[in-house]
1. Report, by residue number, each residue of region 82-117 that is in contact with a strand residue (DSSP E or B) (Cβ under 8 Å, 6 or more places away or on another chain) and small (Gly, Ala, Ser).
2. For region 244-282, name all the residues that are in contact with a Leu (Cβ under 9 Å, 6 or more places away or on another chain) and in a strand (DSSP E or B).
3. If you check GLY242, GLY203, GLY234, which single one turns out to be of a type outside the set (Lys, Arg), free of Cβ contacts under 8 Å to residues at least 12 places away in the same chain and out of contact with any Gly (no Cβ under 8 Å at 6 or more places or on another chain)?
4. Condition first: farther than 19 Å from PHE273 by Cα, among the hydroxyl-bearing types (Ser, Thr, Tyr) and surrounded by fewer than 16 Cβ atoms within 10 Å (Cβ to Cβ). Now tell me which residues in region 43-95 satisfy that.
5. With region 43-99 as the region, which strands (runs of 3 or more DSSP E) entirely inside it contain at least 1 residues that are under 29 Å from LEU265 (Cβ atoms) and either of a type in the set (Val, Ile, Thr) or modelled with pLDDT under 95 (or both)?
6. Give the residues of region 145-190 that are polar (S, T, N, Q) and more than 15 Å from MET121 (Cβ to Cβ), sorted by residue number.
7. Across region 107-135, what is the total count of residues that are assigned to a helix (DSSP H, G or I), surrounded by fewer than 22 Cβ atoms within 10 Å (Cβ to Cβ) and of a type in the set (A, V, I, L, M)?
8. Can you name every residue in region 136-171 that is in a helix (DSSP H, G or I) and over 19 Å from SER38 (Cβ atoms)?
Amino acid sequence: MDLRPALLAVLLLATQPVAYANTPLHAAPAPMLASRASADIDIASYLVSEKLDGVRARWDGRTLWTRSGISIDVPAGFTRSWPAQPMDGELWIGRGRFQEVSDLVRALRRNDRAWRPVRFMAFDLPGDSSHFAKRTLRLQALVASAGSTHLDHIPQRHLTSRALLDARLQTVIAEGGEGLMLHHALAPYRAGRSDSLLKLKRGQDDEARVVGYRPGKGKYTGMVGALLVVDARGRRFALGSGLRDADRASPPAIGSTVTYRHDGLTAKGTPRFARYLRVRND
């Protein structure tokens, strides 16, 4: 589907006055979640932005909340002049600084000085019933009118081919970014996972040696909850994500080498979002 006429029409609307729906967050849809992008998607149907390595958060017009519904204690004045419109976004400092933001959000005592470089990078309006191309223009206008140093929006690009998409991904990765997000330009805000929101990353594969097991809980009681592994650099961590029920019932032997995939390293030097792939067969 050629979206150029539709996108042009949306851009023309940006010059006209906009009436904003003021839907409270409790009445807005549940969070929209990303699926992995497949090789056969229609690139021109999507708007593309950088996938920021921040902490997902939602603004309800008065309070910031984590995706799981826990209120975030931010410094006085952090959200001053923010719009009453609910917004979806990421609390972010910069590339490669996820752990700093995560520590701030989870801290028992707030460190106001450490919050100074944090921005809420908004990317959607969950209470707005229009399609994404129009929502992103409305979001830009809301952010601009707020004039807050702690509020910004994530820029969107319209790419028309897989070659352009791959080139953009390569640039973002080379600059220390995590990957790309693809929003279907004509899709409404849709709760849960669907092809309306896709993520495109270049995961890295690595190997580690199994040195122990973490027992499973709940439905995995009596099985392995995670593999305890050590990589070639001596980093010790757990691998639970990616294990199938069969792997948990009959895990790789201690001393065996397993392959895992991750999305780079955390500030502490451990693999980020590590997930088990397979046992290496020599």
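The values are calculated or read from the model by the stated rules, or taken from the named source; none is laboratory data. Please read these numbers as outputs of a predicted model, since none were measured by experiment. A quick note on method: Cβ atoms are made from the backbone with ideal geometry, for glycine too, and the neighbour counts reach across all protein chains shown.
1. Correct list: GLY89, SER102.
2. Those that are in contact with a Leu (Cβ under 9 Å, 6 or more places away or on another chain) and in a strand (DSSP E or B): VAL258, THR259, TYR260, ARG261, PRO271, ARG275, TYR276.
3. Working: GLY242 fails: free of Cβ contacts under 8 Å to residues at least 12 places away in the same chain; GLY203 fails: free of Cβ contacts under 8 Å to residues at least 12 places away in the same chain.
Selected residue: GLY234, the only one of GLY242, GLY203, GLY234 that is of a type outside the set (Lys, Arg), free of Cβ contacts under 8 Å to residues at least 12 places away in the same chain and out of contact with any Gly (no Cβ under 8 Å at 6 or more places or on another chain).
4. Selection gives THR63, SER71, SER81.
5. Details: elements: 46-50, 55-59, 64-66, 87-92.
Answer list for region 43-99: 46-50, 55-59, 64-66.
6. Start the filter on region 145-190 by keeping residues that are polar (S, T, N, Q), which leaves 145, 148-149, 156, 160-161, 170-171.
Residues satisfying the conditions are SER145, THR160, SER161, GLN170, THR171.
7. Residues meeting the conditions: 1.
8. Start the filter on region 136-171 by keeping residues that are in a helix (DSSP H, G or I), which leaves 136-146, 162-171.
Listed by number, the residues that qualify are THR136, LEU137, ARG138, LEU139, GLN140, ALA141, LEU142, VAL143, ALA144, SER145, ALA146, THR171.
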